[in-house]
Every structure is written in structure tokens, then in C-alpha cells.
Amino acid sequence: MHCPSCGSDRLSVIDTRSEDGAIRRRRECQACGKRFTTVERIEQFLPFVEKKDGRREPFSREKVRTGLIRAFEKRPVGVAQIEQILQSVEQRVSELGVKEIPSKRIGEIVMGLLKGIDVVAYVRFASVYQEFSDLTQFAETIKSLDSEDRA
């Protein structure tokens, strides 16, 4: 590891904290005195994602994060909770132990988590993921949520 300012490899760790499945380290360069933070995560085996059009690409935490941020836009859910959901999605995908996973399955995992947290975010995510083409699909999804609440 090298200092982002001067490139020196003479670094010392000032502080170490464990947060959200990651280790944050505050470091100081002995050459220039610059302080910076690094984040270490345990590398999990994540499968390739099979897209609807047949393409395959590596699992992207950022794509899932983007979808979640859009679903939770203007909702009372904080960044920390979104990170927890991301962690849960990654963990569940990793635990499947497969080399490839259909994007549809990842969407189902995300929707299952959203349903228990925020129904508005669930409907937003479902509308994009399931490619709603008209209002009847929205109405059916909302009606199914309503009937589940009564059961």
C-alpha cells in the first residue's frame, strides 16, 4: 500500500474499527504526514449474473446499490440500512454456492428483503425489475400486498 499523496510505502496505522462487516483503518504517511482512511472487506465468492438477454457479467454490488437508492428515494430509510440490505443480498447470493445466477433470482432476493422494510420501495423496485407496462400491474402488486397484510 502506498500513500495517495506522495506514493511512499512508509505508512502507520493510527486507528482500527470494525463496521458493517468491514474494517476501517486510519493511516498516516511517515514521509509526508498525510492521513487517510482505508476500508477492508472480506472477499466473498460471488457468481456471474446471467442477464435476460443471455449475457453474463460479474455480480455488481454497485448495480444493486443503485437500484436500492432509487427505490428508497424520499423514503425514511438511511444509508446504513441500505448498506445492511446490500450486505444481506451479497451474503444470500454467496451462500447459494453457484457459479452463475439469473438476474431474476437476485431481483427476487432484493424484493423479499424490501417487502419487509418498506412497501413503497418494494413497489418501486418491482415496477422496474418486473418491467410493469401498465397501471393494472401496479394495482395487482398493491392488491397482493394488501391481501397479505390481512392474512
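Points worth noting:
- Test result for I69, hydrophobic (A, V, I, L, M, F, W, C), more than 21 Å from M111 (Cβ to Cβ) and either free of Cβ contacts under 8 Å to residues at least 60 places away in the same chain or in contact with a Leu (Cβ under 6 Å, 6 or more places away or on another chain) (or both): no
- Restricting V49, V39 to those that are more than 17 Å from V128 (Cβ to Cβ), in contact (Cβ under 8 Å) with a residue 12 or more places away in the chain and of a type in the set (V, I, T) reduces the list to V39.
- Region 17-30, subset open to solvent by 70 Å² or more (accessible area, probe 1.4 Å) and out of contact with any helix residue (DSSP H, G or I) (no Cβ under 8 Å at 6 or more places or on another chain), residue farthest from A80 (Cα to Cα): Q30
- Residue match in region 80-92 (condition: aliphatic (A, V, I, L, M) and farther than 19 Å from I42 by Cα): no
Here is a yes/no grid of residues against (1) exposed (fewer than 14 other Cβ atoms within 10 Å of the Cβ); (2) in a helix (DSSP H, G or I); (3) over 17 Å from the mean Cα position of the chain (by Cα); (4) at pLDDT 90 or above:
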site	(1), (2), (3), (4)
C32	yes, no, yes, yes
F45	yes, no, no, no
V49	no, no, no, yes
K52	yes, no, yes, no
E62	yes, yes, no, yes
T66	yes, yes, no, yes
K74	yes, no, yes, no
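- Across region 76-102, the number of residues qualifying as part of a helix (DSSP H, G or I) and either hydrophobic (A, V, I, L, M, F, W, C) or buried (at least 18 other Cβ atoms within 10 Å of the Cβ) (or both) comes to 8.
The values are calculated or read from the model by the stated rules, or taken from the named source; none is laboratory data. No experiment lies behind these values; they were computed from the predicted model shown. Note that we place each Cβ from the backbone using ideal geometry, even for glycine, and neighbour counts take in every protein chain shown. In case anyone asks, the SASA skips ligands and DNA or RNA and just uses the protein heavy atoms, side chains included. Shrake-Rupley method; radii C 1.70, N 1.55, O 1.52, S 1.80 Å.
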